[in-house]
Each structure stands twice: as structure tokens, then as C-alpha cells.
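Worksheet for the structure shown next.
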């Protein structure tokens, strides 16, 4: 097994990005897409081959999965203790991501051939998609926390450029800026946490940081700050970075707006891969989160995750823009993953939550990418994002209809689709650890089923409106990825995930807790039945309900005014009281000094330029006067 | 050494001559007249050399030789200056200083 091949996994997308980026005027529309798809095909095949053979063949040695450093080189060498390395780490976690990221990216590349056809900036689009794929693969393969931070920012940049892809549209530009600023603000926390952690731990390296003995020594030499160990603070700050990328409350405000980007981008970045980077980060440092000070930081993760999952699900109930419904659903599902990590223990069966979180990450990537790509096909056909413009599409878009239904069933947790298995593991883990969190997850499971089927029935059933342009099924390039993902969404639940991923790197066995599973399936079915009642046929039941809830509905519809709150804090308080005086100081004092020097020089030279008259006699006069004055001074000085 | 005349009187005379030259250089409107003024300055300097040599270091010849150098340099300088003035005259048909003010700010 030649693992050196792995170096190609991030490098091929980088090469494609450079090629398309440098020659973006030369390479015309279909060709750039073919280059991108070809690059991604190679990457995907290598990744799948390595990941699958890691799990089935060489990874497991003496009942424990190996952490293999495939490649490592020092990038910046400050001192022997402080150096920054770049490398590739292969362990179960990165192997799982090696399946998720290239698969979704590959599907999105193919899908975009059809979706982006005839849109301006085709080559630019593929260049940025490749940049994103490169960054994400670099992130999941990182050997140390600093490398992850570098790729973390790269992911943010490519997300920014893709959200603002339609840069002539004002809302897209604003959304891109918002996403960048909010995540960048969160990354500030990450950076500070990283620096604190590496200062006290003396290393960036994951293998050292997740070593249990090492964590115990860190625990022993605790420096405390406000009652908690600084390491706990560092972990909370690192989690803040993860919460920013993963759109956890209250740093979630950028994700719904990010839907201004092209739909394949939403599928790839803002649903399946980038937004789970936060979950990945917490999972990477899981032993630290669990063992430092008995997991106080992990409690934070659990409660933030649980709150976000409920909060986002409530908002998703009321939205009309189909992409926004999916965006809030993504937030809610990532909240699930976070809470699963939060309730997880360490060790064989204790680590069920950890395994479930990764499992849900995997299955969620499949069905959420499928939902978004399906939404893209619908938007492509109807030319609108809003449910009000849709209805009865099942006759016009048969393939999209079936695949969307599969994805909706999967996310609602209906057996035998993928979501059932992962969600069941999460709820089982939560039930063992914390009943309150379990109950939140349980309620949200019902809400998820309701809003997904609200979406489904509202798009594909409801009524038969007269369309101006008759909607038509998407081309093959778009439907084939849908079918592949539908296959994954339907059957990936049967993967025995606990054989592959666990906290202590050794396989264990799980079994379905039929009581809990039955309850969650029951509430899912209840949600679906309610959706059938409300939305299968056109009726005014939902409007009546909305009116009945009155103020509460209005708050939910406006996303609890969190955006407005942020605007109030930033504009009215921060900008007005802090930024404006700084700007005044900069403009008037700092710039004023510089401009004053320049202006006075100009003014003085205007006044004295007449001295240079061009008459030789004047010059001689000045010279003689000067010489006279100097000689007088010298005479005076020497005589004293 | 001239009887009844001290070095002060002669130096006063050459100083007066020097400043007449300087004054002439500043005020003449004609390049030729300026050239004459420069000659006056040089001559005052040459006389100074001779006188100081004579009064302070009698029996030595350094100052005399310097004054001969000055005369030679002044001759060469006059030739050069006249050549420039003639060329200027050919170009602008004038040797007035007010016509030569174009090289300014």
C-alpha cells in the first residue's frame, strides 16, 4: 500500500485551481468544467481506495486503528520547540472525511456542469470549487492544530468568494461579507484558544495533544482563570471558532444568508462539508474536551448544540424560501452532531455519542447534499426560491421528486433510510447521559419530519398552478448525481459505523434500542402525518394556525430578530461609540498630521520659489551675502 | 616696500577695488561690463598677493608667482567668457542680462 499517493489528494485540486485561476480567460465554458470534474474524479478514486482499504485492510492492527502520519515536513522552524509542520494524518476520523468530502465535491462538480451552464463566470466557479476542495481536504488531513487553522481560513476565503459569486447582486455581496466577518470573528476565538493551548501544552501536534497521559499532566499543572483551568478556556475558545464555522447559536446568522450563492455551492459548502468543520474540530480534540477538568468544555458543546438544534428547527417551520428552510435544517442537524459529541463518554460503549456524531455527519452529508441539489433542480425548473411559486411538481420532475422524497425520509429518521440509524444512535447516547438534551433531540426529530414534509408536499403536491414556462426535468448531468446520492442516503445507514470510528480507536458493537428508536420513529411519523394534513392539498389550515399563534409566529418568521439584534449592537453601539471616534481620530489627527506636513511644504515653496529668479547676479548676491554673514559670524566667534 | 605707505593703506585700496568689482558684477546690465567687474575682483586679489608677500615675507617669491598664475587664469577665463558671450549674441542677438533669465523656477 503506497500511502505516498495521499499527497496527491489535496494537491490535485490545488493544481486545478491554479490552472483555471491563471488561465481563466483562455479556458472556455465546458472545458473548465471537464478539467474540474476530471481532477475531482482522480481525487475521489484515490481517496475512496485509501479510505476503504484503511478500514478493511491495513488500518486495524491488534484490535486498534492506527494513527498513521503519512507525510510530515517542517514548514516554519522558529525554535526546536516551536515549529510549524505540514503533513497528512490518516486515522479513522480523517478516513471518514476522505469519503464524505471528495464524494460530495465530486457530485457537485458533475451537477454544476448542468446547473451552471450558461451562467457567467463558469471557469471562475470551477476554480473556486477546486480551491474549496483543496482547503477542505487539507483541513481534514491536518497533523496539527496550526495546519488546521491555516486551512480553516482558506476554507473561509473560498466560501466567501463562492457566496459572493454573483457579485453584481447586492444581496450576494452583503451575504458574502456577513459570512466572512462573522466566521472571522469566531476564528479570532479559535486563534486565541490555539495560542493559549499551545503555550501551555508546548505543542501543536494532534498526536501529542490527544494522548491521554499528556492530558493528565496538563490537568495536573492547571493555571486557573476565573475558576476554570486555562486549558478549559482555550477549548471553549476553540469551540467558538468551530461554532462560527458550524453556525451554532449565536454565531449562526451568516448561514441562512449564505444561500445567496449558487445552489451547488450551498450543497457542497453550506450543507455537507464546510459547516461540519466545527464538529470535526471538536471530534479531533475530543480526548481533550472530555478529560480536561472532567469535560466542562464538553458540557458547553452539548448545551450549545442542543439549543441550536431546537432554535433552528423552530425557525425552519415558518420559512418560505426553500433554501432557507434547508439552511435552518442544516443548522439543526449540526446541532444534533454537536450535542452527540457533548453527551459522549470515552471508551468502548461510553463513546457512543462520538461515534453517532460522526455517523450522523456522514449520513447527513449525503442526504443534505441531496436535498440541496434537488432544491437546485427545482429552482432551475421554476426560476424561484419561494414555495408560493411551486406546487404539483411531481409530474414535471419525476427524478427530482423521488430523490427528494428519499432524502426527506432519511432526514426524518424513517427506517430503513440512513438518517434513522445515525439519529437513533444520537438519541440513545443522549438518553443515557442527559434526559433534558435527549428530550430536546426527541422533539426536534418530530419537528424535522414536519418541516421537511411541509417542504416536500408544498413543492411536489399542494395544487397545480399554471406555470409560465412549463417546468422540465433537469439534464442528465444533474439527475445522475441526485440518483447516486439518493442511493447513499437510502443505504448508507447499514454501514456498521461503530466498527470503524470510536473514541479509543478500537471497534465496538452497537445495537438498536428498540424502545427509543420506536419513540423517535413514532414522533417522526407524527410529524409527517401532520404535514400531510396541512400541506398535501391546498388549504388554509396553516394560515389559520399562523394567525392563531400570532406574535409567536411573527417572531419565529423573523428568526427571533437575531439579525436585528446584531445590527443594533454593531451599528448603534460598536460603530457609533467605538469605531466612529477611532475613524475621526484617524481621519483628523493621523491623516491631518501627514497632510499638514505636505500642505505646508507646498505652501512654503509657493512663497519662496521666486528666489530662483534665473538672474546670475541675484545668485551672486545671495552667495556674497551668505559668505559675508558667515565670515562675520566666524570673526565674531573667533574674537571671543 | 614703498616708503611712507603702510600695508593697511594698500589693503584698504585693494578692498575698495574688490568691492567696486563686486558692486559692478551685481549691478551692470551688460555681460561685457560684468566681465570687466570680474577682472577688477581678480586684479584686486592679485595685488593683495604681491603686497602681502612684499610686506610680510620679504625675500620670498610665492605671492608674486601666485599673482602671475592669477593673471594667466584671468586671461583664459576672459577668453572663455567672451566666447560664450559671442555665442549667446549669435543665438539671441543680445548681451543684456535681462534677456538671460529663462532658467528659473
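Using alpha carbons only, how many angstrom separate the centre of the range A:532-591 from the centre of the range A:599-640? Distance between centres, Cα-based: 70 Å.
Here the sum of -39500 (n - 2.57) over DSSP H runs of 4 or more residues, divided by the residues of the protein assembly as shown, equals -22500 deg cm²/dmol at 222 nm, to the nearest 500. Once the chain from residue A:470 to residue A:483 is taken as fully extended at 0.36 nm per residue, the excess over their C-alpha distance is 2.4 nm. Dividing the mean sequence gap of close Cα pairs (under 8 Å, 6+ apart) by how many residues chain A holds gives a relative contact order of 12 percent. Calculate, for residue B:105 and residue B:26, the FRET efficiency according to 1/(1 + (r/R0)^6) with r their C-beta to C-beta distance and R0 25 Å; round to the nearest 0.05. For R0 = 25 Å, the calculated efficiency reads 0.75.
Calculated FRET efficiency, residue A:618 to residue A:53, Cβ-Cβ distance, R0 = 56 Å: about 0.05 to the nearest 0.05. Placing dummy labels 7 Å off each Cα toward the beta-carbon, the span from residue B:78 to residue A:3 is 10.0 nm. Among beta bridges from DSSP that stay inside the protein assembly as shown, the antiparallel ones total about 95%.
How far, in degrees from 0 to 90, does helix A:476-491 lean away from the longest principal axis of the Cα atoms of chain A, to the nearest 10? Once rounded, the angle reads 60 degrees. Every pair of different Cα atoms in the range B:7-99 enters the Kirkwood calculation, which places the hydrodynamic radius at 14.5 Å. A crude spin-label estimate for the pair residue A:119 and residue A:605, with each label 7 Å from Cα along the Cβ direction, gives 5.3 nm. Across B:61, B:31, B:40, mean-square fluctuation computed from a Gaussian network of chain B (C-alpha pairs under 10 Å connected) peaks at B:61. Expressed as a fraction of 2.2 N^0.38 Å, the C-alpha radius of gyration for the range A:517-640 is 2.97. Distance from the Cα centroid of the range A:8-47 to that of the range A:435-451 is 42 Å (rounded to whole angstrom).
Sorted ascending by nearby beta carbons within 10 Å, beginning with the fewest, A:563, A:464 become A:464, A:563. Could you please state, rounded to a whole Å, how far the C-alpha centre of the range B:29-105 is from the C-alpha centre of the range A:178-210? Measuring centre to centre over Cα atoms gives 81 Å.
For the segment A:616-622, counting C-beta atoms of other chains within 10 Å of every residue's C-beta and taking the mean gives 4. The angle separating the long axis of helix A:591-608 from the principal Cα axis of greatest extent in chain A is about 30 degrees. Using C-alpha pairs below 8 Å separated by at least 6 residues, the relative contact order for the range B:7-99 is 29 percent. Ordering A:405, A:174 from the fewest to the most neighbouring beta carbons within 10 Å gives A:174, A:405.
The ranking of A:55, A:500 by Cβ neighbour count inside 10 Å, starting from the fewest, reads A:55, A:500. A crude spin-label estimate for the pair residue A:511 and residue A:551, with each label 7 Å from Cα along the Cβ direction, gives 5.2 nm.
Relative to the dominant Cα principal axis of chain B, helix B:62-92 is inclined by about 10°.
Provide the FRET efficiency to the nearest 0.05 for the residue A:221-residue A:80 pair, computing r from the beta carbons and using R0 = 22 Å. Once rounded, the FRET efficiency stands at 0.55. Alpha-carbon geometry of chain A: the Rg and the Dmax are 29.8, 115 Å, given in that order.
Every read-out reported here was derived from the displayed coordinates using simple, explicitly stated rules and does not represent laboratory data. Keep in mind it's a predicted model, so treat the numbers as computed, not measured. Virtual Cβ from ideal backbone geometry, glycine too; neighbours counted across all protein chains shown.
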